[in-house]
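Every number here is computed from the coordinates shown, using simple stated rules; none is lab data. Owing to the predicted nature of the structure, the values given are computational and were not obtained by experimental measurement. Positions of Cβ are backbone-derived with ideal geometry, glycine not excepted, and every protein chain shown enters the neighbour counts.
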Amino acid sequence: MTPEIRYSAGTRYEAPRVFPEYSSDHEFRVLNWEDWRFWRDNGYLVIKDLIPKDQCEALIKVTCDYLGVQRDNPDSWYNVMPRSAEDPTPKSIAGMTELYHHQAIWDNRQFPKVYDVFFDLWGTEKLWTTIDRVNVNLPNQNGWDFGGFLHWDVELDQLLATRNIQGVLSLNDNDTGMGGLQIIPDLFKQLESWLEEQPKERSRMLEEKIDFEVINVPSKAGDLVIWDTRMAHGTSPNRSTAPRFAQYLSMCPAEPEHTELLEIRLESFANQTRPEKSGNKISGTAGSRKESDFGPKAELTELGKRLLGLQPW
């Protein structure tokens with residue numbers, strides 16, 4: 001029996017892909033040889049000042065408006081409690097906020113320098129953007145208590161064969177205690193031998209302490225942090241006094257031959273909804289407020305149309 005194809009953020013996570021091999025004299029568009037070596041050796045990279053700060057500020061404002069909160073009024077932050085099956089608000093305890101297609105989000109996806117970074121990383125011009133959401137990680141106060149998490153997005157029996165890139169754009173400055181990305185680079189470097197020692201049915205959630213250092217990755221507004229899908233990662237608790245705002249943003253090689261996936265992407269954009277199979281809507285994750293009621297459909301550039309799949313490469 002053929003296993004069901006798993007889609008996430010409008011892409012195929014387990015698609016067979018390979019990373020390019022470069023030499024030290026390779027001509028990059030944005031990255032350099034030292035960036036590339038660090039990325040391949042450590043499984044993550046912080047790309048500084050990739051997005052203009054005014055675009056970051058614009059998306060923060062949009063996100064606050066969508067949630068009905070005021071950025072400078074802490075009393076308003078906790079009006080939107082984490083969603084549940086009984087109360088499907090637009091936000092989870094981990095900060096995942098169901099906003100996918102606003103113009104401010106697409107302005108970052110179709111920003112040419114972002115595309116150039118992923119051209120460097122994948123070695124192909126024919127790319128699709130992920131269709132992912134934003135994150136608002138609130139400080140742990142006023143009854144809000146998020147302890148953070150670590151996991152992989154791929155089941156462990158498929159992990160070593162998977163090649164994918166995940167990314168998060170910092171919309172505001174994120175110090176180590178502000179609830180940003182946490183990762184385990186030393187485990188990434190020893191992943192194969194570590195997996196050999198694990199039980200066959202081990203969960204992809206890392207819920208116990210392990211003998212590897214967990215690091216929080218600091219970043220500034222406009223920085224893009226990328227990591228290899230084989231990296232254990234997650235959101236850390238926010239122990240500061242200010243929210244952390246971020247946008248999940250990545251790209252992968254386009255797959256227009258997968259017509260079901262292309263239809264999911266185009267339908268998601270047309271209806272301003274989360275990208276998922278028809279009839280497979282997950283209760284409690286869509287949010288009680290429709291994005292289509294919040295703002296007009298985004299206008300795409302020629303690059304944006306190709307990154308969505310609306311126009312072929």
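Cross-link partners of residue 209 among lysines, defined as those whose alpha carbon lies under 20 angstrom from its own and excluding same-chain residues fewer than eight positions apart: 189, 200.
Quick one: which of 203-209, 266-272 comes out on top by average Cβ neighbours within 10 Å, and what's the full order, highest first? Spell out each step's value before the answer.
On the way: 203-209: 11.3, 266-272: 16.6.
So the order, starting with the most tightly packed, is 266-272, 203-209.
The Cα-based radius of gyration and maximum Cα-Cα distance (Dmax) for the range 39-134 are 16.3, 47 Å.
In a DSSP loop and with at most 14 other Cβ atoms within 10 Å, the trypsin sites (Lys or Arg not before Pro) in the range 104-192 are 126. Global size of the chain: 18.9, 57 Å for Rg and Dmax (C-alpha atoms, Rg to one decimal, Dmax whole).
Express the relative contact order of the chain as a whole percentage, based on alpha carbon pairs under 8 Å and six or more residues apart in sequence.
Working: 599 pairs, mean separation 91.7, N = 313.
Value for the chain: 29 percent.
Taking every alpha-carbon pair under 8 Å whose residues sit at least 6 apart, the range 158-313 reaches a relative contact order of 31 percent. For the chain, hydrophobic long helices are taken as DSSP H runs at least 20 Å long by C-alpha position along their axis with mean Kyte-Doolittle hydropathy of -0.5 or more; these are 53-67.
If you wrap the range 126-283 in the convex hull of its Cα atoms and look at it from every side, the mean projected area works out to 11.6 nm².
Within the set of other residues whose C-beta is less than 15 Å from the C-beta of residue 43, count the net charge using Lys and Arg as +1 and Asp and Glu as -1.
-2
Can you tell me, using C-alpha contacts under 8 Å and at least 6 residues apart, the relative contact order of the range 9-135 as a whole percent?
Reported relative contact order: 34 percent.
The trypsin sites (Lys or Arg not before Pro) of the range 34-66 meeting both criteria, a DSSP state outside H, G, I, E and B (loop) and at most 15 other C-beta atoms within 10 angstrom of the site's C-beta, are 48. Note that the range 240-254 has calculated 3J(HN,Hα) couplings of 9, 10, 9, x, 9, 10, 8, 10, 6, 8, 7, 9, 8, x, 5 Hz, one per residue in order, obtained from phi through the Karplus relation 6.51 cos²θ - 1.76 cosθ + 1.60 (θ = phi - 60°); glycine and proline are x. Computed extension length for residue 257-residue 28: 79.6 nm, one decimal, from 0.36 nm per residue of separation with the Cα-Cα distance subtracted.
Straight-line reach from residue 113: taking Cα to Cα under 21 Å and skipping same-chain neighbours fewer than 8 places apart, the lysines in range are 48, 53, 126, 220, 305.
What does the charge dipole of the range 25-272 about its Cα centre add up to, to the nearest 20 debye, if the Cβ of each Lys and Arg holds +1 and the Cβ of each Asp and Glu holds -1?
Working: 24 positive and 41 negative charges, 97 e Å.
It works out to roughly 460 debye.
The phi torsions of the range 186-197, fed into the Karplus equation with coefficients 6.51, -1.76 and 1.60 and a -60° offset, translate into couplings of 5, 5, 4, 5, 10, 4, 4, 5, 5, 5, 4, 8 Hz, rounded to whole numbers, with Gly and Pro shown as x. Globularity index of the range 129-194 is 1.38 (Cα radius of gyration / 2.2 N^0.38 Å, N = number of residues).
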